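Chemist: Got a structure for you, questions after.
Only the coordinates and a few stated rules stand behind these numbers; no lab work does. This one's a predicted model, so the numbers in the text were calculated from it and none came from an experiment. FYI the Cβ positions are ideal-geometry reconstructions off the backbone, even for glycines, and counts take in every protein chain you see.
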Amino acid sequence: MAYETDSPSAFAGIDLKALSRNLDAVRKKTKNKSAILAVVKAGAYGHGAVQVSRQLLDKGASMLGVAFADEAIELRDAGIKAPVLVFFDRDNTEAYFEYKLTPVVFDLETARRIADEAHRRRCRLPVHIKVDTGMGRIGFTPQNAFQSIIKISRMKNIELEGIMSHFSEADLADKEFALRQIENFIYLVKSLKKRNVSFKFRHMSNSAAVMSLPEAHFNMVRPGIMLYGCGIGENRLSPVLSLKSRIIQIKKVPANTPVSYGRTFITRRKSVIATVPLGYADGYNRKLSNCGEALVNGRRAPVAGRVCMDTVMLDVTEIPGVKENTEVVLIGRQGKEKITARDIADKIGTIPYEVLTSIGSRVKRVYKF
């Protein structure tokens, strides 16, 4: 896939058509019965929040989700006017009003502070209530959720727009605990309705639940990682990001030549070593030292030695036709070969989320429409 870029070093190619296909996969799974709150926190999982948000909204997402108010303000400053739900921020009350943001409320103190500010401004602010059904992170607990939400419902300047929860293990084959979370959520919603407290939106489903728990779709879903081509069923999704660079130097070296810090790699034969201007400061994890791979001329080239802050070296001895300025693919496809974010995650003992969100700010994002 060709991307137009003047980047002299590494860049991340973002395929917005692939992003749209993944959004279509959400619609297919929900049978178009649930509104889509697209999660674009952490710079849209490293893909670039502004461009990704514009594409998702243009293709029919109803709402955006971010972790903190500053992320939402970035979207507003870029001219994005769609509803934005802020998941974790308790301390930016004024920003909710000034930028027309929707906070997630998970304690009474925050609700009172929002209600007081709304009263001062003579308006009502929509909020979504977070209930902890088993994640153990944030939210009203089963012991205090009902009474707390009743109290919030009596605050005249707050509009209870949504109620939500979050799965702790919807990606596991054993769904017993996830199903228990759903039961607890439904019970609470029904109990509140009996007291005339209802919500426009009810949502629990992250990407894993979108794919595997249709009973949790309700009337809104919150896809995140699946929009970017990863997660459960990723063989049916389209990877959105590719990470590429170019060789800046080729060296032909004799046997017994050390490469990189600590001399952890020493050539056993006459070798060709290529240096690539991308390192752990750019999100290419240092744990890939001596075990990572990149694609060069359609073949796999092993990482030689320790990954440096700004560079990584590849052993390209077995690959013909390699020159300075030859393209290198760290994530993505080249010829018949491909390296995915999951491949890298498996090598370093983590998850694709971390691989994608770790790609640094000096790696230019280049968009293909």
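Chemist: Say we join alpha carbon atoms closer than 10 Å with springs in a Gaussian network model of the chain; which of VAL259, VAL210, VAL296 then has the biggest fluctuation?
Modeler: VAL259
Chemist: A further question on this structure: Remind me, relative contact order of the chain in percent, using alpha carbon pairs under 8 angstrom and six or more residues apart?
Modeler: Numbers: 791 pairs, mean separation 67.0, N = 369.
About 18 percent, as a whole number.
Chemist: Relative to 2.2 N^0.38 Å, what does the C-alpha radius of gyration of the stretch 115-245 come to as a ratio? Two decimals please. Present the calculation step by step, with values, prior to reporting the outcome.
Modeler: On the way: Rg = 17.3 Å, N = 131, 2.2 N^0.38 = 14.0 Å.
Dividing the Cα radius of gyration by 2.2 N^0.38 Å gives 1.23.
Chemist: With 10 angstrom as the radius, rank LEU125, LEU241, LEU227 by how many other C-beta atoms surround their C-beta, starting from the fewest. Mind dumping the intermediate values first?
Modeler: Numbers: LEU125 21, LEU241 26, LEU227 31.
Placing the least packed residue first, the sequence is LEU125, LEU241, LEU227.
Chemist: Just to check I understand the Karplus step: with θ = phi - 60° and J = 6.51 cos²θ - 1.76 cosθ + 1.60, what whole-Hz values come out for the stretch 133-148, glycine and proline as x?
Modeler: After applying 6.51 cos²θ - 1.76 cosθ + 1.60, I find 9, x, 6, x, 10, 10, x, 5, 6, x, 6, 10, 4, 4, 5, 5 Hz.
Chemist: Which order do GLU94, GLU354 fall in if you start with the one that has the fewest other Cβ atoms within 10 Å?
Modeler: Details: GLU94 11, GLU354 16.
Ordered by Cβ neighbours within 10 Å, fewest first: GLU94, GLU354.
Chemist: Taking the Cα centre of the chain as origin, sum charge times position over the Cβ atoms of Lys and Arg (+1) and Asp and Glu (-1), and report the length of that vector in debye to the nearest 20.
Modeler: On the way: 58 positive and 38 negative charges, 128 e Å.
In total the dipole reaches around 620 debye.
Chemist: Positive end of the dipole of the chain, charges at C-beta (+1 Lys, Arg; -1 Asp, Glu), about the Cα centre: which of ASN235, LEU108, THR275 has its Cα farthest in that direction?
Modeler: ASN235
Chemist: Measure nothing fancy, just the Cα-based angle from helix 49-58's long axis to the longest principal axis of the chain, in degrees from 0 to 90, nearest 10.
Modeler: Approximately 60 degrees, to the nearest ten.
Chemist: Name the residue from SER198, THR93, LEU125 whose Cα lies farthest towards the positive end of the charge dipole of the stretch 15-234, charges +1 on Cβ of Lys and Arg and -1 on Cβ of Asp and Glu.
Modeler: Checking the options against the dipole of the stretch 15-234, the answer is SER198.
Chemist: How far is it, in nm, from the label point at ARG27 to the one at ASP310 when both lie 7 Å from their Cα along the line to the Cβ?
Modeler: About 4.6 nm separates the two model spin labels.
Chemist: Treating the beta-carbon of each Lys and Arg as +1 and of each Asp and Glu as -1, no other charges, what is the dipole magnitude of the stretch 178-253 about its Cα centre, to the nearest 20 debye?
Modeler: Working: 13 positive and 3 negative charges, 59 e Å.
For this selection, approximately 280 debye.
Chemist: Straight-line reach from LYS347: which lysines have a Cα under 22 Å away, not including same-chain ones fewer than 8 places off?
Modeler: Candidates past the 8-residue exclusion: LYS244, LYS287, LYS336, LYS338.
Chemist: Could you pull out every residue, at least 5 positions away or on a different chain, whose amide H is within less than 5 Å of the one on LEU237? Hs are placed 1.01 Å off N in the peptide plane, and Pro or chain starts have none.
Modeler: none
Chemist: Further question: Write down the Å³ per residue value for the convex hull defined by the alpha carbon atoms of the stretch 15-234. Let's see the in-between values first.
Modeler: Numbers: hull volume 24.4 nm³, N = 220.
Output value, Cα hull per residue: 111 Å³.
Chemist: Separation of the stretch 333-357 and the stretch 44-60 by C-alpha centroid, Å?
Modeler: So the separation of the two Cα centres works out to 21 Å.
Chemist: Sum -39500 (n - 2.57) across every DSSP H segment of at least 4 residues in the chain, then divide by the residue count to get the 222 nm mean residue ellipticity, nearest 500. Intermediate values should be presented prior to the final figure.
Modeler: Details: 11 runs with 108 residues, N = 369.
It lands at -8500 deg cm²/dmol.
Chemist: Fully extended, how many nm does the chain gain between ASN157 and LYS364 (0.36 nm per residue separation, minus their Cα-Cα distance)?
Modeler: Working: separation 207, 0.36 × 207 = 74.52 nm, distance 4.33 nm.
Taking ASN157 through LYS364 to full extension adds about 70.2 nm, to one decimal.
Chemist: Then there's this: Relative contact order of the stretch 241-339, please, whole-number percent, based on alpha carbon pairs below 8 angstrom and at least 6 residues apart. Before the final figure, lay out the partial values.
Modeler: Values: 260 pairs, mean separation 33.4, N = 99.
The normalised contact order for the stretch 241-339 reaches 34 percent.
Chemist: Nearest-5 percent of antiparallel DSSP beta bridges in the chain? Don't skip to the answer; put the middle values down first.
Modeler: Details: 29 of 57 bridges.
DSSP beta bridges in the chain are roughly 50 percent antiparallel.
Chemist: I would also like to ask the following. Please order GLU327, GLU109 by the number of other Cβ within 10 Å, starting at the fewest. Provide the component values of the computation, followed by the final result.
Modeler: Numbers: GLU327 13, GLU109 9.
By the 10 Å Cβ count, ascending, the order reads GLU109, GLU327.
Chemist: Sticking with this structure for a sec: How big is the shadow of the Cα convex hull of the chain, averaged over all directions, in nm²?
Modeler: Details: hull surface 79.5 nm².
The number I arrive at for the chain is 19.9 nm².
Chemist: Between their Cα atoms, which of LYS151/LYS200; LYS33/LYS130; LYS100/LYS151; LYS100/LYS194 are more than 26 Å away from each other?
Modeler: Values: LYS151/LYS200 18 Å; LYS33/LYS130 22 Å; LYS100/LYS151 24 Å; LYS100/LYS194 31 Å.
Flagged as over cut-off: LYS100/LYS194.
Chemist: Sticking to Cα atoms, compute the Rg of the stretch 221-325 to one decimal and its Dmax as the biggest Cα-Cα distance, whole number, in Å.
Modeler: For the stretch 221-325, the Cα radius of gyration and maximum Cα-Cα distance read 16.2, 58 Å.
Chemist: Can you give me the Cα centroid spacing of the stretch 146-206 and the stretch 265-283 in angstrom?
Modeler: Between the Cα centre of the stretch 146-206 and that of the stretch 265-283, the gap is 51 Å.
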